[in-house]
Structure formats: structure tokens, C-alpha cells
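*Asks:* Pasting a structure here, questions to come.
The values are calculated or read from the model by the stated rules, or taken from the named source; none is laboratory data. Quick caveat: nothing in here was measured; it's all calculated off a predicted structure. In this analysis, Cβ positions are derived from the backbone assuming ideal geometry, glycine residues included, and neighbour counts consider all displayed protein chains.
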Amino acid sequence: MTASSGQGGLLAPEAVLLRAAERLADRFEGIVGPETVERVVFESYTALGRTATVTAHLTSLAERFARDRLTALAQSRGLIVKTVPEILYLCVHNSGRSQMAAALTDHLSGGRVHVRSAGSQPSGDGILPQVVEVLAEIGIDVTEAYPKPLTDDIVRAADAVVTMGCGDACPVYPGKRYLDWDLADPAGLDLDGVRRVRDEIRAHVEDLLAEVLPADR
């Protein structure tokens with residue numbers, strides 16, 4: 001059977017997604033049912049495909065995105081125990097501020113928190129090149145990161161939700177701790193401006209980590 005390029009759905013990607021669903025069903029066996037796993041995999045592929053301008057790696061990104069969503073779903077239902085605080089960063093395109101915050105949090109926390117990021121209208125063009133550059137300057141590699149849409153599961157799994165410039169587009173869920181950081185959008189800045197935003201975010205992250213992490217003894 002050969003792959004079709006018609007609008008009725010591509011056979012080759014569908015087969016790849018079904019194999020991804022099988023792998024994830026094995027990983028989440030006894031936690032999330034295989035039907036839910038398959039649904040989340042195909043939903044993730046569709047959601048990423050709505051904005052992606054390059055689709056060469058879309059199936060592999062969909063598997064990564066689905067794995068994180070399934071983990072979040074299981075956490076929100078108490079089926080996977082959260083061993084560290086969960087922080088979610090939200091902006092509009094998930095290509096600048098929220099990606100910098102997530103990367104800096106992961107870097108500065110040394111694995112003592114788990115971090116996610118998403119966008120209310122995720123970019124289809126990947127992470128902003130200037131964001132990649134200014135993070136590389138301080139030893140942080142985000143070349144494997146990618147913009148992701150906001151989904152219920154990742155919000156429900158979060159302990160703290162930090163919004164950045166997305167206004168009413170970022171939903172509010174009861175029972176969550178919300179923070180809003182007023183930061184310039186790196187998309188409209190030169191490299192020095194993006195560095196300033198990076199450093200502002202770093203200061204915010206350090207303050208947040210001091211609150212959510214237990215003091216060293």
C-alpha cells in the first residue's frame with residue numbers, strides 16, 4: 001500500500017501515529033486506556049498540524065506532545081504521583097517568553113521542578129532564532145523545543161500557572177496559583193532587547209523557585 005497525498009488523510013502518517021499510540025499504550029498500561037492514548041496521539045498531531053509550516057517531523061513531535069499530555073492527564077487524576085512542583089508557562093505563541101521561562105526554570109532548578117510551556121495561538125515557525133541564541137549564550141540548548149498548544153490536561157496538572165502577555169486568551173482554572181509577568185515580546189526586539197527580557201525572566205524565575213522549593217538544609 002502506498003501513501004496518499006490527498007486530503008482524505010495520509011496513510012503513512014496514520015500508520016506512524018498508530019505505532020506511536022501502541023508504544024505509549026505500553027508505557028501507560030494500567031494508567032490510561034489504549035483508546036484514550038490513541039485519541040490523544042491523533043489529537044496532538046492535528047493540533048500541532050494546524051499551525052506547523054514544516055511537517056517533516058510532525059509525527060515525532062506529536063508523539064512527544066502526546067506523551068507529555070498523557071503524563072499530565074494521569075497526574076491530574078492522581079494516577080501518577082507528582083514528586084516535584086509543576087510549573088506551567090503560557091504566552092501567545094510559545095516561541096519566546098514562555099520558552100525562555102521554561103528553559104531557565106529547568107536549568108536553574110536542577111530538576112527540582114517539572115516545567116511545561118504552551119501558547120494560546122502557538123507559532124508554526126518554531127522557537128524565535130534570537131531566543132535560541134541568547135539562551136545558548138548562557139549554556140542552555142532549546143533546539144529541540146517546539147511551540148505547543150494549550151490543552152486542559154497540562155493546566156490541570158500544574159501547581160502554578162505563569163502567564164506572559166496573553167491576556168484573556170489564557171484561561172483561568174479554579175484552584176490554581178496564577179502569576180502574570182509583564183514582559184516585552186522578544187519578537188519585536190533586537191538581540192540586546194531579547195537579552196534584557198531573558199535576564200528579567202531569570203530574575204522572576206529565581207524568585208518563583210525560592211517560593212516553591214524547600215529551603216536547603
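*Asks:* Between a residue in segment 139-156 that is farther than 12 Å from LEU70 by Cα and assigned by TED's automatic domain parsing to the domain that holds ALA118 and any residue that is aromatic (Phe, Trp, Tyr) and buried (at least 19 other Cβ atoms within 10 Å of the Cβ), which pairs come within a Cβ distance under 7 Å, given they are 6 or more apart or on different chains?
*Replies:* Note: pairs meeting the criteria are LYS148/PHE65.
*Asks:* Tally the residues that are in a loop (DSSP other than H, G, I, E, B), without any contact (Cβ under 8 Å) to a residue 12 or more places away in the chain and surrounded by 10 or more Cβ atoms within 10 Å (Cβ to Cβ), restricting the search to segment 191-217.
*Replies:* Final tally of qualifying residues: 0.
*Asks:* Applying the selection to segment 14-47, what residues are free of Cβ contacts under 8 Å to residues at least 40 places away in the same chain and among the aromatic types (Phe, Trp, Tyr)?
*Replies:* Hits for segment 14-47 are PHE42, TYR45.
*Asks:* Within segment 143-158, count every residue that is surrounded by fewer than 18 Cβ atoms within 10 Å (Cβ to Cβ) and closer than 23 Å to ARG202 by Cβ.
*Replies:* 2
*Asks:* Determine which single condition THR53 fails, assuming it passes every other condition in (1) closer than 21 Å to GLN121 by Cα; (2) in a helix (DSSP H, G or I); (3) not small (Gly, Ala, Ser).
*Replies:* (2)
*Asks:* Of the numbered conditions (1) surrounded by 22 or more Cβ atoms within 10 Å (Cβ to Cβ); (2) of a type in the set (Val, Ile, Thr); (3) under 23 Å from ASP159 (Cβ atoms), VAL113 satisfies every one except a single condition; which is it?
*Replies:* (1)
*Asks:* Given the structure, is VAL161 in the same structural domain as ARG116 (by TED's automatic domain parsing), crowded, with 18+ Cβ neighbours inside 10 Å, of a type outside the set (Phe, Trp, Tyr) and more than 20 Å from the chain's Cα centre (by Cα)?
*Replies:* In short, no.
*Asks:* Would you mention how many residues in segment 89-135 are out of contact with any helix residue (DSSP H, G or I) (no Cβ under 7 Å at 6 or more places or on another chain), of a type in the set (S, T, N, Q) and in a helix (DSSP H, G or I)?
*Replies:* So the answer is 1.
*Asks:* Additional query: Tell me which residues, restricted to segment 45-62, are surrounded by fewer than 20 Cβ atoms within 10 Å (Cβ to Cβ) and either at positive phi or among the β-branched types (Val, Ile, Thr) (or both).
*Replies:* Answer for segment 45-62, where residues must be surrounded by fewer than 20 Cβ atoms within 10 Å (Cβ to Cβ) and either at positive phi or among the β-branched types (Val, Ile, Thr) (or both): THR46, THR51, THR53, VAL54, THR55.
*Asks:* Also, I was wondering about something else. Just checking, how many residues over segment 137-163 are in a loop (DSSP other than H, G, I, E, B), under 18 Å from ILE80 (Cα atoms) and among the acidic types (Asp, Glu)?
*Replies:* 1
Condition check ((1) over 22 Å from ILE154 (Cβ atoms); (2) at pLDDT 95 or above; (3) under 17 Å from the mean Cα position of the chain (by Cα); (4) surrounded by fewer than 18 Cβ atoms within 10 Å (Cβ to Cβ)) across all residues:
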residue: GLY6; (1), (2), (3), (4): yes, no, no, yes
residue: LEU10; (1), (2), (3), (4): yes, no, no, yes
residue: LEU17; (1), (2), (3), (4): no, yes, no, no
residue: ALA20; (1), (2), (3), (4): no, yes, no, no
residue: ILE31; (1), (2), (3), (4): no, yes, no, yes
residue: GLU43; (1), (2), (3), (4): no, yes, yes, yes
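*Asks:* I'd like the full set of residues that are at pLDDT below 95, touching a strand residue (DSSP E or B) at 6+ places or on another chain (Cβ under 9 Å) and not small (Gly, Ala, Ser), limited to segment 45-85.
*Replies:* Passing the criteria: LEU48, ARG50, THR51, GLN75, LYS82, THR83, VAL84, PRO85.
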